[in-house]
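One structure below.
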Amino acid sequence: MATAVAHLWTVDEVADYLRLSTRTVHRRVADGTLPALKIGALVRFDPDAVAAAVTGSPLPAREQAVLDELADTLDAREVDR
């Protein structure tokens, strides 16, 4: 599971990739146009999910399942704290 976390992007990395301001990235997360994982106050992005959102293509089912599992694991850790 640690391998998947190492590949998540930060807001700054997504902003650089999309050539947007970090404020715009946060707005896109808030309005649901950019998929993100929220880990407490942190926001992280799966690079494949960002690319899929930008191109309008769906994320492959296997990758979506891994992303969902990671989000559930991180949510469970927040509850345990």
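The values are calculated or read from the model by the stated rules, or taken from the named source; none is laboratory data. Note that the coordinates shown come from a computational prediction; the quantities given were computed from them, not determined experimentally. Here the Cβ is made from the backbone with ideal geometry for all residues, glycine too, and neighbour counts use every protein chain on show.
Scanning segment 27-46 for residues that are under 13 Å from Leu74 (Cα atoms) and surrounded by 16 or more Cβ atoms within 10 Å (Cβ to Cβ) gives Ala36, Leu37, Ile39, Val43, Arg44. Please specify each residue of segment 24-42 satisfying the condition of being among the aliphatic types (A, V, I, L, M) and more than 11 Å from Val11 (Cβ to Cβ). Scanning segment 24-42 gives Ala30, Leu37, Ile39, Ala41. Taken as a whole, the structure leaves Asp72 outside the set of residues that are modelled with pLDDT of 95 or more, exposed (fewer than 12 other Cβ atoms within 10 Å of the Cβ) and not hydrophobic (A, V, I, L, M, F, W, C).
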